[in-house]
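Taking it in order: structure first as structure tokens, then the write-up.
Coordinate-derived values only; no laboratory data. Keep in mind it's a predicted model, so treat the numbers as computed, not measured. All Cβ positions, even for glycine, are placed from backbone atoms using ideal geometry, and neighbour counts span all protein chains on display.
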Amino acid sequence: MKTLKVFFVLFLILLEACNSTSTEPTIPPEVIVTVPFIEITTTATTADIKSTVNTNGATSIAVEYGVGNYNNSTNAVPASFSVNTVVNTKLTELIPSTKYQFRVKAVTGTKNVVQYITDSTFTTSGQLQIGDSYKKGIVIEVYTTNGVQHGLLAAPTDLTPTFGVRFNYFTAVDYAAKYGEGYRLPDSTEMKLVKKAKEAGVLTNFVDPNYDSRGIYFTSTEVIGSIDWVYIMEMYGNGVIKYILNKNSSASSRAVCSF
């Protein structure tokens, strides 16, 4: 009789264990994201990646890329996704004539599950063009010597972008150097290239042209007469270096860099 009671108790314990297992919640399958189509257009310094994404649960999609690594990341547009969503990703500040590897990264679900979808490569073209973004600047002059491209970059904005806030020569020199490696104030010839690029629409973000009766003038590095005076140029006038400015006086400035 005692043996029967022990057997019955064991039976109840096993039955309870089976019931507990059967009531465990079911974990839903991971959301699957696919990229059935991808198109890549490159220049010397940019890559436009266009793809059609099939997903019913992605919370974000990005392109990770680099030279021998995936150290850089750019989010795709738009920010929400569904079946056959066309997304665009623009990669900038790339190096000419360089092979990049990239992959499409999707984050899905409330648990932020990461999926890597497409893994491929592209190569940037070898020739920089005026207007290209390169090394924090915009190409405003380009030429080739012995098969190697050289030219001049200009910062995309003035060093003094806020109306009414300008630097004297010494502060402008300091700020130009801090903008990036190799950047400095232009000489008079380079300033003419800056003006030409402005008139062509290659450079924008210049300060208010109604600063004074002479228009906005920009500081060069060229000294005239005494070392205390430098040439300046009107960006909104006829472009001639026709004024001089004491180095302690304020003017606008734009950093440039040779490459």
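Some points to look at:
- Dimensions in Å of the stretch 147-228 - Rg and Dmax from alpha carbons: 13.5, 46
- A Förster radius of 22 Å combined with the Cβ-Cβ distance from Ala177 to Asn71 puts the calculated FRET efficiency at roughly 0.25.
- Label point distance in nm, Lys242-Ser188, each placed 7 Å from Cα along Cα→Cβ: 1.4 nm
- Here the label points at Asp119 and Thr34, each 7 Å from Cα along the C-beta direction, are separated by 1.9 nm in the simple model.
- Note on the stretch 79-230: Cα-Cα pairs beyond 27 Å make up 44% of the total pair count.
- Under the combined filter of DSSP loop state and at most 13 neighbouring Cβ atoms within 10 Å, the stretch 58-148 retains these GluC sites (Glu not before Pro): Glu93.
- Each listed q (0.11, 0.17, 0.19 Å⁻¹) maps to a log10 I(q)/I(0) for the stretch 77-161, found by the Debye formula over equal Cα scatterers with no solvent: -0.52, -0.88, -0.96.
- Candidate lysines - alpha carbon under 19 Å from Lys105, same-chain residues fewer than 8 apart omitted: Lys50, Lys90
- Violating pairs (Cα-Cα greater than 25 angstrom) within the set Lys195/Lys247; Lys135/Lys242; Lys135/Lys247; Lys135/Lys178: Lys135/Lys242; Lys135/Lys247
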